[in-house]
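Just so it is clear, none of the values below were taken in a lab; they were calculated from the coordinates. Only a predicted model underlies this, so the values are computations on that prediction, with no experimental measurement involved. So basically every Cβ, Gly included, is an ideal-geometry build from the backbone, and we count neighbours across all protein chains shown.
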Amino acid sequence: MVRLNEIREAEQAVTPPLDVDAGIYFIGRCRTPWSDRLKCPRQGRLDGPLCRIEVFEPWIAALDGIAEFERLEVLYWLHESRRDLVRQSPRNDGNARGTFSLRTPVRPNPIGTHIVQLIDVDGPILHVRGLDCLDGTPLIDIKPDRTLFTPIAPRQPGDDQVGDAQ
């Protein structure tokens, strides 16, 4: 596991731009048993410990209907992650890969995402299993698990063609 601010052999850091493109509202906090990055699981498990997601005002009304779903996709801000590595050596073996080819928390925009099992809804508190973040991690968003849905739009002519990205 990467120690705080460690750069391993073959890794590469850059200086991030100073400009900010967008703002994010933290809508709540994730409450988990982990306060130490080295003890936090690398991938959450649906049979893992019971955790809480606390949603803040004015976002509590957005939870209406959430209990209809057994699985949720939770997005959170990995606030203790560094943001400057573009090549990383996850196995510390001197072989580095691009950050976007890894599920590392060390990324330009350290957004974590995980599918959790919804156990209970108690007002602004969601009881879930499957989180893999530190206690107090800022919450960005909650969505029903996308695999529970099928595409709404019918297939269109040209769907299989590669177009020019504008």
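Some notes on this structure:
- Applying 1/(1 + (r/R0)^6) with r as the Cβ-Cβ distance of Ile125 and Asp84 and R0 = 45 angstrom yields a FRET efficiency of 0.80.
- Three-way shape call for the chain based on the alpha-carbon gyration tensor, with the a/c threshold at 1.5: oblate
- Full extension of the chain between Val20 and Asp141 gives 41.6 nm of extra length, using 0.36 nm per residue less the Cα-Cα distance.
- Within the stretch 111-130: backbone nitrogen closer than 12 Å to the Phe69 label point (7 Å, Cα to C-beta): 114-118
- Residue separation of Asp160 and Asp93 scaled by 0.36 nm, minus their Cα-Cα distance, works out to 20.1 nm of gained length.
- For peptides 118-129, 35-46, sequence by mean Cβ density within 10 Å, most packed first: 118-129, 35-46
- Those residues of the stretch 18-62 whose amide nitrogen sits under 15 Å from the label point placed on Leu102, 7 Å along Cα→Cβ: 42-43
- A Cβ-based charge dipole, computed about the Cα centre of the stretch 26-148 with Lys and Arg at +1 and Asp and Glu at -1, lands at about 800 debye.
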